[in-house]
Amino acid sequence: MLKRLRRAGNLFGIVGSPAGRTYDNMQAMNCIVTAGPTYEALDEVRRLINFSTGRLGSELATFLTEKGHNVTLLIGEHATWRGERKAAQVQTFSHTVTLLEKIRAAKNVQAVFHAAAVADFKFGKVWERSASGELIEIKARKIPTRSANLLAELVPTPKILPELRGCFPSAFLVGWKYELDGDKFGVLRKAAMQIEQNRTNACVANGAAYGRGFGVVSKAGDIEHCKTMEELFERLHALWAEPVRA
């Protein structure tokens, strides 16, 4: 698939509008949609969190529910989007580990749309520097504000996407690749790499590096541009339906 992307002499020539394929008569399936942010605690008062609102995942869950599917929406408890959430089940999560536990516990799942913005790091140890320059580790339920400059260790959190194929061997799996730096070709290439490395079926590219809208990269190497969330949802549903109908 990466070779196919590289061979695209004019990338923007193969990024077009969705083909308009819809499968409203697709058999109802069980699926998971993840949405919103995880957070990681510094102490019992402060935390590391991102700017995800949970809107896209919530609206995707509503779209799939209206298509007749049995949707479980896993949404971060600090998601700020207050729009409609249609789903058979709505469960909240806090930390990355909490979300991963809920995914692992799910049974009879035919698709996972992993749109949640998972924190890449959690806090490890925290130190303050003494007058002599020595680093002294701080252990407190609430780190005192009287402390001088602090040094905080950031430790990688568990990656959820690589776990999905092992949890759901035959499911339709979709990841997201949100990038701020680089260009459209770069983020599409990263999306293709994500599919290959994690054995997923599709990846949605977006963010400032991609530009307006969304780029949907399929396992086959096809790329389609979606101008709106509605177009994106229709495209993902069509990709999901294609192997089912084959």
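No value in this document is a laboratory result; all are computed from the given coordinates. Here the structure is a predicted model, which means the values were calculated and not measured. Heads up, the Cβs are rebuilt from the backbone with ideal geometry, glycines too, and the neighbour counts pull from every protein chain shown.
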Inset, instruction - Could you please rank 176, 127, placing first whichever residue has the fewest other Cβ atoms within 10 Å of its Cβ? - result: 127, 176
Inset, instruction - Counting other Cβ atoms within 10 Å, keep those with at most 12, restrict to DSSP loop, and tell me which trypsin sites (Lys or Arg not before Pro) in the range 69-110 are left. - result: 82, 107
Legend entry - Highest-fluctuation residue, 52, 94, 170 considered, GNM on the chain with Cα pairs under 10 Å: 170
Legend entry - Placed amide H near residue 173: partners under 5 Å, 5+ positions off or other chain: 112, 201, 202
Legend entry - Taking the chain and dividing mean pair separation by its residue count, relative contact order in percent (alpha carbons under 8 Å, at least six apart): 21 percent
Legend entry - Compactness of the chain, expressed as Rg and Dmax over alpha-carbon positions, Å: 20.2, 72
Legend entry - Inter-centroid distance (Cα atoms) of the range 184-238 relative to the range 139-164, Å: 31 Å
Inset, instruction - Return the long-range amide H neighbours of residue 168 (sequence gap of 5 or more, or a different chain), with a cut-off of under 5 Å between placed amide H atoms. - result: none
Inset, instruction - Could you check what % of the DSSP bridge pairs in the chain are antiparallel, to the nearest 5? - result: 45 percent
Inset, instruction - Would you please give the FRET efficiency between residue 132 and residue 45, computed as 1/(1 + (r/R0)^6) with r the Cβ-Cβ distance and R0 = 30 Å, to the nearest 0.05? - result: 0.55
Inset, instruction - Provide the net charge surrounding residue 74, with neighbours chosen by a C-beta distance below 13 Å and charges set as Lys +1, Arg +1, Asp -1, Glu -1. - result: +1
